Amino acid sequence: MHLTDRELWTLIHGMGFGALYLLAFAGGIAGLYSLRTKLVTVEGIVDRVSRLRWGSAVMAVCVWLTVFVGTFIVYPWYRATPPETIDTKVQSAELLDYPRYWLLASEKTAEYHHFGMEWKEHVAWITPFLATVVAVGVFAYGKELSTDKRARYILMGLFILSFALSGVAGLFGALITKAAPIL
Amino acid sequence: MATQSIPAEQAAEQAAGYVSAADRVMNAAMIASGIGSAVLGLMVLGAEVNGGLKAFLTWDKGVGPLAGKAGVAVIAFLISWVAMHFAFQKQSPRLMTALWITVGLLAVGVALTFPPIYMGIAALIAPH
């Protein structure tokens with residue numbers, strides 16, 4: 001089994017930072033939801049808030065790294081322009097090295113780019129803004145989150161939205177990689 | 001009996017419109033995230049409609065206009081966050097007001113990054 005540099009970076013983007021964020025969401029949302037005085041002791045709140053602070057900060061860093069690696073390292077390989085000697089209207093073996101043009105060469109796969117990549121590449125950039133807000137909120141409120149239901153629910157709502165949007169990006173990333181992998 | 005209670009002082013403060021220190025910090029970050037998202041959406045639509053803007057946003061040839069779209073959005077997010085963080089220390093909207101502002105801005109950003117919407121609007125504004 002051999003991975004090229006491009007495949008490795010694509011893995012780091014999608015299965016590394018991206019998957020880590022999506023998986024850690026479950027723990028984060030459970031931590032926020034259960035942070036209530038009737039469910040946890042005073043010592044438990046201190047312990048959980050500390051974990052939430054670290055967790056939300058690491059998650060925010062993860063999602064920023066995901067979008068940066070995706071946009072500035074992986075994406076240029078996806079949208080690279082083939083030389084004029086390669087016919088961009090036929091899905092040939094040579095065109096496989098140019099994923100965007102490979103997808104656009106057939107009506108069966110064109111929507112992976114027109115819809116999938118066009119949505120993914122843009123909407124993904126909203127997720128780090130939201131993840132940052134969640135981390136800021138956890139730090140700002142701290143133990144108050146156990147008593148301030150309104151703030152807790154707002155953080156949970158923004159966290160869920162961030163997860164949903166990053167889920168969209170992850171889903172289409174997986175589908176596009178399956179249809180036209182970066183080799 | 002209340003299943004979830006907050007201290008009486010906190011309840012009174014919320015009722016009187018008092019904005020806590022934590023709320024002020026949260027408000028600034030929240031609204032900034034909405035601004036960043038809305039600016040991103042506007043850049044996506046703008047690049048689709050205007051070739052000049054699309055060229056301006058091409059900060060890197062390999063990445064294309066996405067570099068500028070994301071870059072402008074991040075800059076807008078950071079500048080508005082810093083500005084509002086300090087401004088809200090003096091006077092801040094209430095948490096729910098800030099939330100609704102954020103929701104509105106996020107709706108703009110999410111909508112304008114959805115291809116059928118921004119491509120549809122672009123086709124209406126500047127048909128090819």
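Read-outs throughout are calculated quantities, based only on the coordinates presented, and are distinct from any laboratory measurement. No experiment lies behind these values; they were computed from the predicted model shown. Please note: Cβ atoms are built from the backbone with ideal geometry, for glycine as well, and neighbour counts cover all protein chains shown.
For the reader, a short list of remarks on this structure follows.
- Note on region B:70-128: semi-axes of the ellipsoid equivalent to its C-alpha gyration tensor, largest first and rounded to whole Å, are 31, 14, 8.
- Estimated translational D of chain B in µm²/s (Stokes, Kirkwood radius over Cα pairs; 25 °C; 0.890 mPa s): 148
- Within a Gaussian network of chain A (alpha carbon springs, distance under 10 Å), most fluctuating of A:Pro83, A:Pro99, A:Pro128: A:Pro83
- P(r) tail, chain A: Cα-Cα pairs separated by more than 28 Å, 37% of all pairs.
- Tally of Lys pairs whose C-alpha atoms are under 17 Å apart, taken over chain A, 8 or more apart or cross-chain: 5
- For region A:73-165, the Kirkwood hydrodynamic radius comes to 16.2 Å, computed from all pairs of different C-alpha atoms.
- With Cα atoms, 0 to 90° folded angle of helix B:95-112 axis to chain B main axis: 20
- Compared with the dominant principal axis of the Cα atoms in chain A, helix A:149-179 is inclined by about 20°.
- Each pair of Cα atoms in region A:9-57 enters the Kirkwood radius, and Stokes-Einstein at 10 °C and 1.306 mPa s then converts it into a translational diffusion coefficient of 133 µm²/s.
- Taking Cα centre as origin and charging only the Cβ of basic (Lys, Arg, +1) and acidic (Asp, Glu, -1) residues, the dipole magnitude of the protein assembly as shown rounds to 720 debye.
- Debye log10 I(q)/I(0) for the protein assembly as shown, one point scatterer per Cα, at q = 0.10, 0.13, 0.16 Å⁻¹: -0.61, -0.94, -1.28
- Normalised by the number of residues in chain A, the average gap of Cα pairs under 8 Å and 6 or more apart makes the relative contact order 30 percent.
- Against chain A, whose longest principal axis comes from its Cα atoms, helix A:19-33 is set at around 20 degrees.
- Listed residue (A:Gly55, A:Val67, A:Val40) projecting farthest to the positive dipole end of the protein assembly as shown, Cβ model: A:Val40
- Considering region A:1-109, its Cα convex hull presents a mean projected area of 10.2 nm².
- Using the average count of surrounding beta-carbon atoms within 10 Å as a protection proxy, the listed peptides A:29-38, B:38-47 rank, highest first, as B:38-47, A:29-38.
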